[in-house]
Amino acid sequence: MKKSILVALSITLFSLVSMAQEINPVLITIDGKEIRKNEFLSIYTQNNNEPKFDKASMDDYLDIFVKYKLKVFEAEEMGFDTIKRLKNELNGYVNKSAEKYLSDSEATESLIQEAYERKKYEIKASHILITKGGDTYKKALEIRAEIIKSGDFEAAAAKYSQDPSVKDNKGSLGYFTVFQMLYLFEEAAYTTKVGDISMPVKTKFGHHLIKVYDKRKNKGRVKVAHIYSKIPKEGDENAKENARVKIEEIYSLVKAKNKSFEDFAREYSDDNTSAQKGGELDWFTSGRMVPEFEDVAFSLKNKGDISEPFLTSYGWHIIKMLELEEIGTYEKLKPEIENNISRGERSKKSTEFFVNKLKKEYRFKDKSKRWIKNSYNPKVESKLDINDSKIAFKFKKEEGFFKKYTKVTVSDFKDFLSKIPANSQQDIEAFYKDYTNSYIFQYEKSILYDKYPDYKALMQQFKDGILLFEISDQKVWNKSSKDTTGLKEFFSMKQKKYQWKARQDVEIYTSAKKDVIFEANKMAKDKNVTSLEIMNNLNKTSRLNLSLEQGKYEVEEKKILEKFPPTLGVSQPVIENGKFVFVRIKALIPSGNKELKDTRGAVISDYQVYLEEEWIKSLKAKYNVVINKEAVYSLGK
């Protein structure tokens, strides 16, 4: 019975393998290494928008493809795929391309939409930060209750907040919008009603209480130039008055318009960095400048508007509006928002959505609930007082009723915990969640090649492309410019190709003014008068009077020369494109050999072609290439 079952299974498996080979046959073999239909078609269709499968088209592309694969094969044989620099480059492509397969597109789209909706508004808020002193959450709750009774958030901020900036701002954060705060902080600020105080919000800094004072439409971003009169930090009343008087004097000069605003900024502004650019500052949005500066900047409505002098905590300013830009459409901002999400805390939320889907897919089973709290002991090195063999979780790597679960023990979780900083404020359950998410995420990343054939094919193409560039640079491109001996030998061998046609050593004079051109023509007829003397004499009043081109040219190279007879001396002026032109031909040079320096670029290009052809010949002689032309010609049928 068992023997019958095994025979039946063997027959089934053999049939499946044979069927797979028929669907994806071998097209090319290079020294025993097989290249199948799927790989060939993937590259062929990528390089041809309208692929053709007739015999001529297939033969043409086969020639290109085989050369390409021979070069890559040679690079691998020479060990190029083990070079650290190239491996690092490939890893960069691998990690970037993997992002598409390691994220939840629906979750990401939802986060983008959320960020855009929030970007439409700006929140004005203050906060109190509690970073230490035992149970920070409980402490924050107590402070919140006290504020609700007293109604004085600022006083509580000054009394309790452990944010170092509170002594200057009493907890005020001014206006801010999306991506300007930590995500969890932003989430609380945007979901708390105006006038309310949030519940304690946990971030990496500690617990926050947030009071929202206002929610207004986003003003967009603005670019301004400013003139700055600095008040020294330790300045007395006299220094402050001097700064005010200075800005008032500058303002009176700006209004008089004897010079441009930019010139006054360069001359008088105390902001040395922006002064060099005429006072111009980078684009900024709400929350990026002190409120007084920001308010004046956004109050200017028209390009070129100039403010009156105003005071900030830094000193006195005058602002000129350069540009004002609204926030833009969803389509316009989507790439920028997506980039911000990938670099910020939101990426963790997106990853969490993705991992939760994977956990369902792999039938993840959490086994920690019975032991995790009771075993936590921050005094032991691993922070867990429990046997290493205890099961942390299990999951199925493959689908199927008969597939076994993979079990992960506590030992691995202990290693994870041992790397956590001692001052981390997360609890053990949060650590465990991070650990399981990381484990499943890394497992998924490790099987991308097997799970997604298109990803595997793309990575193979990246690898081949990197190897192809490197070996081509060594064998052809770099060699053609640095192998001076070989280049000279090639040039000598092909000298007949590099020939001058008949040339003229000529000066070409051009002017829009008739009197200037005739005066120049008269001077040019005197052989003793140089081109420099002609130019200096006729361009005394303006450098635009007369222009000159001079050199050794073939007639085909300078079409204007066709207008004049090829005789030594000075021609009569002619009109060309509305300007007067004449030539002074100093010598007629017969055809002859070019020197290498005269045509080096063209020779290097031809030498590269030669090196490429010789290299391909050697590769075809070195490696045995077998093409299954019957299978190739059947493609597209």
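The values are calculated or read from the model by the stated rules, or taken from the named source; none is laboratory data. All of these numbers come straight from a predicted model, not from anything done at the bench. Here the Cβ positions follow ideal geometry from the backbone for every residue, glycine too, while neighbour counts run over all protein chains shown. Heavy atoms of the whole protein, side chains included, go into the accessibility calculation; ligands, DNA and RNA do not. Shrake-Rupley method; radii C 1.70, N 1.55, O 1.52, S 1.80 Å.
Couplings for region 548-555, taken from phi via the Karplus curve 6.51 cos²θ - 1.76 cosθ + 1.60 with θ = phi - 60°, read 9, 10, 9, x, 9, 10, 7, 4 Hz in order; Gly and Pro are left as x. Taking 108, 485 and ordering them by how much accessible surface each has at a 1.4 Å probe, largest first, produces 485, 108.
Computed extension gain for residue 433 through residue 363, at 0.36 nm per residue and net of the alpha carbon distance, reaches 23.6 nm. Placing dummy labels 7 Å off each Cα toward the beta-carbon, the span from residue 474 to residue 616 is 2.1 nm.
For the set 312, 530, solvent exposure ranked by accessible area (probe 1.4 Å, protein chains only) runs largest to smallest as 530, 312. Determine, from the Cβ-Cβ distance of residue 495 and residue 76 and an R0 of 51 Å, the FRET efficiency 1/(1 + (r/R0)^6), rounded to the nearest 0.05. The calculated FRET efficiency here is 0.85. In the context of the full set of protein chains, residues of region 17-98 present 58 Å² of accessible surface per residue (probe radius 1.4 Å, heavy atoms only). A helix-only calculation puts the chain at -15000 deg cm²/dmol for mean residue ellipticity at 222 nm, using -39500 (n - 2.57) for each DSSP H run of at least four residues, averaged over all residues. Remark: region 490-530 carries 61 Å² of accessible area per residue (probe radius 1.4 Å; ligands, DNA and RNA excluded). In the complete set of protein chains, residue-level accessible area for residue 154 is approximately 90 Å², probe 1.4 angstrom.
Once the chain from residue 240 to residue 370 is taken as fully extended at 0.36 nm per residue, the excess over their C-alpha distance is 40.0 nm.
With contacts taken as Cα pairs under 8 Å at a separation of at least 6 residues, the chain carries a relative contact order of 14 percent. Ligands, DNA and RNA excluded, the heavy atoms of residue 462 present near 60 Å² of accessible surface to a 1.4 Å solvent probe. With R₀ fixed at 51 Å, the C-beta to C-beta distance from residue 87 to residue 199 puts the FRET efficiency at about 0.55. Across region 80-88, computed HN-Hα scalar couplings (Karplus, 6.51 cos²θ - 1.76 cosθ + 1.60, θ = phi - 60°) run 4, 6, 9, 5, 4, 4, 6, 5, 5 Hz from first to last residue, x flagging Gly and Pro.
Could you work out what % of the accessible surface of the chain is carbon and sulfur, using a 1.4 angstrom probe and leaving DNA, RNA and ligands out of the count?
Ligands and nucleic acids excluded, carbon and sulfur give 51 percent.
Note on residue 57: accessible area approximately 30 square angstrom, rounded to 10, probe 1.4 Å, nucleic acids and ligands left out. The lysines whose alpha-carbon is closer than 28 Å to the alpha-carbon of residue 55, local same-chain residues fewer than 8 away aside, are 33, 37, 67, 69, 71, 617, 620, 622, 629, 637.
Stokes-Einstein diffusion for the chain, with the hydrodynamic radius set to the Kirkwood value over Cα pairs and evaluated at 10 °C in a medium of 1.306 mPa s, equals 46 µm²/s. Converting phi to 3J(HN,Hα) with the Karplus coefficients 6.51, -1.76 and 1.60 and the offset θ = phi - 60°, region 530-537 yields 7, 4, 5, 5, 4, 5, 5, 5 Hz in sequence order, with x at every glycine or proline. Cross-link candidates for residue 159: which aspartates and glutamates have Cα within less than 17 Å, leaving aside residues fewer than 8 places away along the same chain? Answer for residue 159, where 17 Å is the Cα cut-off: 142, 146, 168, listed by chain and number.
Rank these by accessible area, largest first, 1.4 Å probe: 288, 600, 346, 36.
288, 600, 36, 346
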